[in-house]
Amino acid sequence: MRVLIVEDEPRLAENIARSLRESAGFAVDVATDGQEGLFLAESNVYDAVLLDLMLPKLDGMQLLTRIRQAGHRTPVLVVTARDDKESVVALLNAGADDYLTKPFDLGELLARTKALIRRGKGQPSPVLTIGDLELNAVSRTVQRAGKYVALTAMEYRVLEYLAHRPRAVVSKTELLEHLYDYNWEKFSNVIEVYISGLRRKLNDGSARQLIHTVRGQGYILQD
Amino acid sequence: MVRNSIQRRLIATVIVSQTLLAAGLLFTGVFYTHRRLLSTLDAGMQARAMSVAALVRYTEDASGNVYFDNTLMPDSLDPGHPDLFAVWTERSGLLTRSSNWPLGLQIPPQGAYNRWVTAGGKIEYRVLRVSGVPVLDREEGMSFRPQTLTIVYAAPSFSMRRQTWLAAEIIAVASLFLLAVTVPLALWGIRRGLLPLQHLADQAALVSANHWQLRLPEDAQQIAELRPLTESMTTMLARLQHSFAQQREFLGNAAHELKTPVAVLKSTLQSLQHRPRSSDEYRAGLEQCLEDLDRLEQLLQWMLRLARAEQWAQGAIRRDLQVINVAATCEEAVERIRPLAQTHNATIHVSGNETVLLRADPEDLQLVWINLLENAVRYSPEGGSVEVAIMRNNSGPARVIFEDHGVGIPAADLPHIFERFYRGDPSRTRATGGFGLGLAIAKALVEAYGGTITAASAPGQGTRMTVELPLGSQ
């Protein structure tokens, strides 16, 4: 999963980014002003955007309106210092999906971000099931036929992304975009390595293949 | 405990003035009646004295002697009548007296009006003297010089006294009656007249920190005497509301501004807590926390400074001021800002044509200069210069001008730069380490000294800040 943080207080952005990387295994990009934020958000590769309201160059409200007008469906979590009812209502009406007031709890921020990502991909439950595969996005564990499967961090992230979009073809580029920060291109060859590793670990003791290759298009996770 | 009441005072005034009026009326009435009766009595006495004079006749012998002709005495002068009279002639003295003239009564023919009271004090007489009365009886071809008479006529005046008393009684009764009618009327009028005041007070009682609107009652608005009060109440409320709103806004702003540094601190600590860390990570985290705390502390200090400056500007605090040299405080401020200027490779020039002295706290002025210099230096291009000019225009205020040749301030931001926490471009200010309070503090301090601060800027060319401080009493 890849998350964009638009926050002009570098310390805060850094803390949130570290926490998202460490605790959720997300790829995180940080924009320190509204214009940069808008530019990045419009690339449409993010699974969620964390947006501060008081931003230089382009304020958060305008940024939100712009990306919603452009038709981007990325879930947006607004992080604001204002907690009066009017501005919260205005925010939600402008297309925000959720909001958190500063100073917030990092754990809550993580949980809300994860929930937004799930919802954004049409998966209300944190436990995703494909056939006999079960992925718990909260505890970040994977079970196949009731047995835990030990995955590396990157393998988990690939599987998590695929599991959030079951029965859909996910290209290698899409995977790269959503798993790495913006300098993902240099990792372009590693996806195949992770996929084969995943197949090996998931198929241990089971003949049924879950990750299928669609030649020339990408991968598909289905029973 | 309310000691004074306008209503009571007005009522007392009405009663006292009415009573005085009644007394005055009584006095004038009695006086006038008395005078009228007296003049009527005198006129009657005069007429009767004349009729007595008409009884004096010349003797037939053409000697010029006179006699009193009793036979023609009118009814009014018969012996039973209480009036007394005596007639003197110029030539031979007392000619006659009325028959009822009391024995031993001496009324000399000279003198003015007089009174005489009978021996028992029973009856008071009014005495009239008429002298130089010619003998009315005259014949053709008189060879002698006509005689003149002096007549003393006295009549009892008790009826006049009685009538005066009667008049006094009538007036007194009428006055009492009037008082009895007008005092309640006045009370009613006063109560009614003061009613708008009561209504106004009722409305004023409804004003509170949450409800500033004073609804002026219709009747209170119609009253000229209440107009200054209602007007000053309205303006006072507007001022209060303004300063209240300002306080509230400051509190809101402050809380809002504090949220971000607190969020930074909290997130740093929470991310440390998320999983077990190595001691190096903990140390780095703690260092970060301390840095964040430093920033928070700085922000608090700035806010306190601003609060104090504003409090002082509003006259809440008084301090001992000393006579200081403006240029000296400027130089000190430049010294303090020097390290920052060096990182920007900026040069600062201070110029002044004369010594300007004024009464101030040197700390305050330094703070103003530092804030302005800091802004000027921060927004100057690398290697730019900042000019400070200290001037004094004859009797005018001291003027200190700070000029930089930096990026300038966009016209849209210019009217707001002195507002608390205003940041035209947050990224720029944050990058330069400001909180958006420096100019607000400078303004509050300058205004505390009765001065003004203005900014002029051309984007791309630079900014000029002008501080004017009244020299006042040194």
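The values are calculated or read from the model by the stated rules, or taken from the named source; none is laboratory data. Computed from a prediction, not measured in an experiment: that's the story for all the values here. Using ideal geometry, Cβ is built from the backbone for each residue, glycine included, and neighbour counts are taken over all protein chains shown. Ligands, DNA and RNA are stripped out before the accessible areas are found, and what is left, the full protein with its side chains, is counted by its heavy atoms. Shrake-Rupley method; radii C 1.70, N 1.55, O 1.52, S 1.80 Å.
Exactly one condition in (1) outside any helix (DSSP H, G or I); (2) more than 12 Å from chain A (Cβ to nearest Cβ) is not met by B:ARG275; state its number.
(2)
Could you check the stretch A:1-13 and list, in sequence order, the residues that are within 14 Å of chain B (Cβ to nearest Cβ) and either touching a helix residue (DSSP H, G or I) at 6+ places or on another chain (Cβ under 9 Å) or open to solvent by 10 Å² or more (accessible area, probe 1.4 Å) (or both)?
Residues satisfying the conditions are A:ILE5, A:VAL6, A:GLU7, A:ASP8, A:GLU9, A:PRO10, A:ARG11, A:LEU12.
Evaluate the stretch B:312-327: report whether one residue or more is without any contact (Cβ under 8 Å) to a residue 12 or more places away in the chain, on the phi > 0 side of the Ramachandran plot and not in a helix (DSSP H, G or I).
Yes, the conditions are met somewhere in the stretch B:312-327.
Within the stretch B:324-353, which residues are under 13 Å from B:VAL368 (Cβ atoms) and basic (Lys, Arg)?
Within the stretch B:324-353, just B:ARG336 meets the criteria.
Just to be sure, is B:ALA167 assigned to a helix (DSSP H, G or I), small (Gly, Ala, Ser) and open to solvent by 50 Å² or more (accessible area, probe 1.4 Å)?
Taking the combined requirement at face value, the residue does not satisfy it.
Please specify each residue of the stretch A:189-221 satisfying the condition of being small (Gly, Ala, Ser) and in a helix (DSSP H, G or I).
Within the stretch A:189-221, A:SER196, A:GLY197 meet the criteria.
All but one of (1) under 20 Å from A:LEU179 (Cβ atoms); (2) in contact with a Lys or Arg (Cβ under 6 Å, 6 or more places away or on another chain); (3) part of a helix (DSSP H, G or I) hold for A:GLU22; state the number of the condition that does not hold.
Of the numbered conditions (1) under 20 Å from A:LEU179 (Cβ atoms); (2) in contact with a Lys or Arg (Cβ under 6 Å, 6 or more places away or on another chain); (3) part of a helix (DSSP H, G or I), the odd one out for A:GLU22 is (2).
I need the full set of residues from the stretch A:92-106 which are open to solvent by less than 50 Å² (accessible area, probe 1.4 Å), more than 10 Å from chain B (Cβ to nearest Cβ) and not small (Gly, Ala, Ser), in order please.
Residue satisfying the conditions is A:ASP98 alone.
Restricting attention to the stretch A:50-57, does a residue exist that is within 17 Å of the chain's Cα centre (by Cα), open to solvent by less than 30 Å² (accessible area, probe 1.4 Å) and either facing another protein chain (nearest Cβ under 9 Å) or not charged (D, E, K, R) (or both)?
For the stretch A:50-57, residues within 17 Å of the chain's Cα centre (by Cα), open to solvent by less than 30 Å² (accessible area, probe 1.4 Å) and either facing another protein chain (nearest Cβ under 9 Å) or not charged (D, E, K, R) (or both): present.
So, of the residues in the stretch A:20-34 that are modelled with pLDDT of 90 or more and over 12 Å from the mean Cα position of the chain (by Cα), which turns out to be farthest from A:GLU155 (Cα to Cα)?
Across the stretch A:20-34, the extreme among qualifying residues is A:ALA31.
Looking at the stretch B:223-232, is at least one residue assigned to a loop (DSSP other than H, G, I, E, B) and at negative phi?
Checking the stretch B:223-232: at least one residue is assigned to a loop (DSSP other than H, G, I, E, B) and at negative phi.
Let me spell it out: the conditions are (1) away from chain A (no Cβ under 14 Å); (2) part of a helix (DSSP H, G or I); (3) modelled with pLDDT under 85, and B:ARG283 meets all of them except one. Which number is the exception?
(3)
Out of the stretch B:338-363, which residues are open to solvent by 10 Å² or more (accessible area, probe 1.4 Å) and in a helix (DSSP H, G or I)?
Correct list: B:ARG338, B:PRO339, B:LEU340, B:GLN342, B:THR343, B:PRO362, B:GLU363.
What are the residues in the stretch A:14-49 that are within 14 Å of another protein chain (Cβ to nearest Cβ), of a type in the set (A, V, I, L, M) and open to solvent by 10 Å² or more (accessible area, probe 1.4 Å), if any?
Across the stretch A:14-49, the qualifying residue is only A:VAL30.
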